[in-house]
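Participant: Have a look at the structure that comes next, please.
The values are calculated or read from the model by the stated rules, or taken from the named source; none is laboratory data. Quick caveat: nothing in here was measured; it's all calculated off a predicted structure. In this analysis, Cβ positions are derived from the backbone assuming ideal geometry, glycine residues included, and neighbour counts consider all displayed protein chains. When the accessible area is computed, the model is the full protein with side chains, heavy atoms only, and any ligands, DNA or RNA have been set aside. Shrake-Rupley method; radii C 1.70, N 1.55, O 1.52, S 1.80 Å.
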Amino acid sequence: MADYDFQSIEKKWQQYWRENEVYRVQIDSSRPKYYVLDMFPYPSGAGLHVGHPLGYIASDIVSRYKRLKGFNVLHPMGFDSFGLPAEQYAIQTGQHPAITTAQNIKRYKEQLSNLGFSFDWSREVQTSSPDFYRWTQWIFMQLFESWFNQATQKAEPIVSLTKHFEQDGNSSVQAACDEETPGFTAEQWRNFSEAEQQKILLNYRLTYLADTVVNWCPGLGTVLANDEVKDGFSERGGYPVERKKMKQWMMRITAYADRLLEGLETIDWTDSLKEMQRNWIGRSTGCELDFKVQDSEITLTAFTTRVDTIFGVTYITLAPEHELISKLTTADQQEKVSAYVETAVNRSERDRMTDVKTVSGVFTGSYAINPLSGELVPIWVADYVLAGYGTGVVMGVPSSDDRDYRFAQHFDLPIVHVIEETETLDDPTEKKHGTMVNSGFLDGMDSQDAIPAATQRAEELGLGKAKVNFRMRDAVFSRQRYWGEPVPVYFKDDIPHLLPEDELPLELPPVDEYKPTESGEPPLGRASDWKYRDEHSYELTTMPGWAGSSWYHFRYMDSQNDEEFVSEEAQKYWESVDLYIGGTEHATGHLLYSRFWTKFLYDRNYVSVDEPYKKLINQGMIQGQSSIVYRVKGKNEFVSAGLIDNYDVTPIHVDVSLVTNDVLDTERFQQWREDLRYVTFVLEDGKYICGSEVEKMSKRLFNIVNPDDVVEQYGADTLRLYEMFLGPLEQSKPWNTNGIDGVFKFLRKLWRLFHDGSGNFTVSEETPTPEELKILHKTIKKAQEDIESYSFNTTVSSFMICVNELTSLKCKKRTILTNLAIIISPFAPHISEELWHLLGHESSVTSAEFPTYNDEYLVENTHEYPISINGKVRTKLNFAMDASKETIETVALKDETVQKWLDGKSPKRVIVVPKRIVNIVV
RNA sequence: GCGGAUGUGGCGAAAUUGGUAGACGCACUAGACUUAGGAUCUAGCGCCGCAAGGCAUGGGGGUUCGAGUCCCUCCAUCCGCACCA
């Protein structure tokens, strides 16, 4: 073998690892466990791009490192294989999504195996496989059979609730339930019909059916969860989303709002991610106040976080969707109000969001009584009040809330200042806190103290109560789609019933087409003869994409188990994920839902942990470097980037593979697409220069770089090292190969350390010198510390330094090189394995241990001190390590260079910081 | 608007508790070996300056013997949320 032949080395070892199943793990209570997980990919048709492996490489490094450190490492991989793209493709082509999905998975696995990851493929999961979704359905059933006890803050079996109802009705139960659940006694409960009882229980179950306003996406023909909607458009596909009232399966995640918040304190995630979840949950403490409507039986309840400003209320506003509007509207306002409500309600979500500055509203003609001041205030309707938050009723305090202020100014409503000095401000809402004025019994108090005081008074009067509100809503669980888990429910007399457990999985039935039925039912409505016991119709919606990913981290622990979703033994051994690596885009979706399901499974004693992921790292996104060509408008002519100022051009994305260093390969460009065959070019310096743009890597922008191509050219080890060397893991960066040669050179130098000039493997058996030992142990120490703090880019640097130093010492000593091969192996497993093999060992995966460094070799005899005068370094002096401060000071002051800089002046002070610096202050 | 983060050479980036700013790599320059190569090795490489030296971590101010690091303030970029009462 002449030189570093990465292609045959990588192929050889990948095959060896696969055939010998070296990465297979078993429960082994004699060793500590470590669980490293990647967010599993959705197998898209575009295949992997160079951005995908970034996180996988990092997790693989940690896995291999931990394994070398003696841990029993669980490092699995699988596929989140239900999803919209496969179904969209099925709609267009009629091909079953399972076929497309299987093809894509095959491609993904090939691409992944080219990179030498240490996944235990025997534990692979696919969320679309019946063996897997059987348990997703099973967990759904457990949620259906549970309610949330606010008193204990835990989910309990539904039977404990019915028992309670039988004995005491529902008045003494503190349960998470629907707002409009009526009260009943034990006797009433017993007299309810079965159907009535079931209907009531639905108000309590953790998964339940409800009529709610949902995000309906006509373009996708389905409902979407809040986190799947961005700015009024669907996250996938970018179709417009409208509000629609529909009967849907829901998950009562709001029951867990407090637990989800508290749990954040116990896990090691970044502050920004925790903050995102906190904002999403949006807990706010405040007070509900009852405003009686004048000359009416109606009472309007408003939620506020600022009860202290109650005396500043000059009007009340309702959301346009509020159901009492018609009853509150007086005859003379009737026309105006219904016109306003009509337009406001029909306004698309998108409009309402973009247009937040326009103030609009209408007076109902009615008045309400301020519960604390007794004053009469007008009742308005305005679209800045959201039906979905709080009670849909807002008390308007123009002097301390800027929306209320804008509203009052626009409609010329009175403004009453209740905080001292706000009346002098141009915008009174700038001052949020201070001493209360014009506020009756609150006068003179600080606003912070006035909040509890006002709450207390309202409670005494029976006109209000302290209340905690959440921004987070219950999650919609139904999708009007084919390619998802069927909901294991059938309907008998309109009442949902669960399938018996032993009849799971309820598999997806074949359908003739993947579109909704003519009557507008979901695709499953097309399945013929798909009925429970041939008579009861099944639920026709399927589960959302996040269902399977909410619990898959448990399935890996015991993926072949067909008795349970995970055995107690496996779960207790592997516990939970020690390190989870993935993108930040799942902050308020997957990462919240899987925390919710884990807490639920914990409550019901199915697992022993209540947080799924102990430590989470968000790897940055690798962006694409798009290339752009400029077409002259109306012509078949393209202009080089430097000349576009002289033309009227349309920029067009061009495939990056046709471009080298911004220069377009014009011939291949002409062959790229049929319509480009006869185009002409305006060149500069004989070349066509493309523009470039850093954007998300996407098929649509033709900027995808396939890792296979990089592996082909440089090898997997180089790609792995290079992606790590590119910069900190968490940081986003554009992909470029500018520095990849440096990394490749490093591997070649490493190879040459083990070989002589003509490429024959040579190591010497000589004893290493202290200098060589120092280089090695310094590198071991650095690598260990850096890997443990996930600073992989600096680890690579220290490997480079180490190899350079050993090369210049011409060190070929076995003991040094053996250790070197091991510490590099987590990053570059193939070359290390080959070298380890050449050194006479079997596989490093099973036989090697990460070396420990020895401080003795790192000890220095002397230390070089920078000597600074007034903070500026002027010279350096060597001192023995154990030199006393006095000695250092004395010697330094006598030094010739120091004398020169002191220029006859005597020093005021000398600061000697051991092993750091000597600073002389003049 | 609110919340989070970031800002260091031509470029990607390093820098334990405040203690030699720019490690490592790319690019670049010069040289060596070579029947030219996108190979390898050696040296140089923040800016100004022949040098001595001076100036440099987004701008301004502060604390300190000493600040990339701590405090205040302003600016720029990125991300998340956004009429949440």
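Participant: Residue pairs, Cβ under 7 Å, 6 or more apart or interchain, first in the stretch A:262-277 and within 16 Å of A:Ile617 (Cβ to Cβ) and basic (Lys, Arg), second within 11 Å of RNA strand B (Cβ to nearest atom) and modelled with pLDDT of 90 or more. List them.
Facilitator: Nothing qualifies.
Participant: Restricting attention to the stretch A:232-257, which residues are assigned to a helix (DSSP H, G or I) and either within 16 Å of RNA strand B (Cβ to nearest atom) or polar (S, T, N, Q) (or both)?
Facilitator: Within the stretch A:232-257, A:Ile253, A:Thr254, A:Ala257 qualify.
Participant: Here's something else I'd like to know. Can you pull out the residues in the stretch A:287-321 that are more than 13 Å from A:Thr455 (Cβ to Cβ) and in a helix (DSSP H, G or I)?
Facilitator: Of everything in the stretch A:287-321, those that are more than 13 Å from A:Thr455 (Cβ to Cβ) and in a helix (DSSP H, G or I) turn out to be A:Phe311, A:Gly312.
Participant: Scan the stretch A:387-403 and report the pairs whose first residue is in a loop (DSSP other than H, G, I, E, B) and whose second residue is within 7 Å of RNA strand B (Cβ to nearest atom) and among the β-branched types (Val, Ile, Thr), with Cβ atoms within less than 9 Å and a gap of 6+ or a chain change.
Facilitator: Listed by first residue and then by second, the contacts come to A:Gly390/A:Thr304; A:Gly392/A:Val385; A:Val397/A:Thr304; A:Asp401/A:Val394.
Participant: Given the conditions (1) touching a residue at least 40 places away in the same chain (Cβ under 8 Å); (2) within 8 Å of RNA strand B (Cβ to nearest atom), which single one is not true for A:Leu753?
Facilitator: Of the numbered conditions (1) touching a residue at least 40 places away in the same chain (Cβ under 8 Å); (2) within 8 Å of RNA strand B (Cβ to nearest atom), the odd one out for A:Leu753 is (2).
Participant: Still on this structure: State which residue is modelled with the highest pLDDT when the search covers only the stretch A:857-888 and only residues that are of a type in the set (S, T, N, Q) and within 11 Å of RNA strand B (Cβ to nearest atom).
Facilitator: A:Ser868
Participant: Looking only at residues that are more than 29 Å from A:Lys782 (Cα to Cα) and hydrophobic (A, V, I, L, M, F, W, C) in the stretch A:889-913, which one is farthest from RNA strand B (Cβ to nearest atom)?
Facilitator: A:Val891
Participant: Being open to solvent by 70 Å² or more (accessible area, probe 1.4 Å) and not in a helix (DSSP H, G or I) is the requirement here; does A:Glu886 meet it?
Facilitator: Details: open to solvent by 70 Å² or more (accessible area, probe 1.4 Å): yes; not in a helix (DSSP H, G or I): no.
Judged against the criteria, A:Glu886 is not a match.
Participant: Among the residues of the stretch A:541-563, write down those that are free of Cβ contacts under 8 Å to residues at least 24 places away in the same chain and either in a strand (DSSP E or B) or surrounded by 13 or more Cβ atoms within 10 Å (Cβ to Cβ) (or both).
Facilitator: Listed by number, the residues that qualify are A:Asp558, A:Asn561.
Participant: Residues in the stretch A:424-442: is at least one aliphatic (A, V, I, L, M), touching a residue at least 12 places away in the same chain (Cβ under 8 Å), more than 22 Å from A:Ala302 (Cα to Cα) and buried (at least 17 other Cβ atoms within 10 Å of the Cβ)?
Facilitator: yes
Participant: On the given criteria, is A:Val394 closer than 30 Å to A:Ile281 by Cα and modelled with pLDDT of 90 or more?
Facilitator: It is true that A:Val394 is closer than 30 Å to A:Ile281 by Cα and modelled with pLDDT of 90 or more.
Participant: If A:Ser797 passes every condition in (1) of a type outside the set (A, V, I, L, M); (2) within 21 Å of A:Gly55 (Cβ to Cβ); (3) surrounded by 20 or more Cβ atoms within 10 Å (Cβ to Cβ) but one, which one does it miss?
Facilitator: Of (1) of a type outside the set (A, V, I, L, M); (2) within 21 Å of A:Gly55 (Cβ to Cβ); (3) surrounded by 20 or more Cβ atoms within 10 Å (Cβ to Cβ), only one is false for A:Ser797: (3).
Participant: Does the stretch A:688-708 hold any residues that are outside any loop (DSSP other than H, G, I, E, B) and out of contact with any Ser or Thr (no Cβ under 7 Å at 6 or more places or on another chain), and which are they?
Facilitator: A:Gly691, A:Val694, A:Lys699, A:Arg700, A:Pro707, A:Asp708, listed by residue number.
Quick grid of which residues meet (1) open to solvent by less than 40 Å² (accessible area, probe 1.4 Å); (2) small (Gly, Ala, Ser); (3) over 28 Å from A:Asp404 (Cα atoms):
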| position | (1), (2), (3) |
| --- | --- |
| A:Glu265 | no, no, yes |
| A:Arg278 | no, no, no |
| A:Arg283 | no, no, no |
| A:Gly286 | yes, yes, no |
| A:Ile298 | yes, no, no |
| A:Phe303 | yes, no, no |
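Participant: For the condition surrounded by 13 or more Cβ atoms within 10 Å (Cβ to Cβ) and in a strand (DSSP E or B), what is the one hit in A:Phe165, A:Phe148? Spell out the reasoning first.
Facilitator: Details: A:Phe165 fails: in a strand (DSSP E or B).
Within the list A:Phe165, A:Phe148, the selection yields A:Phe148.
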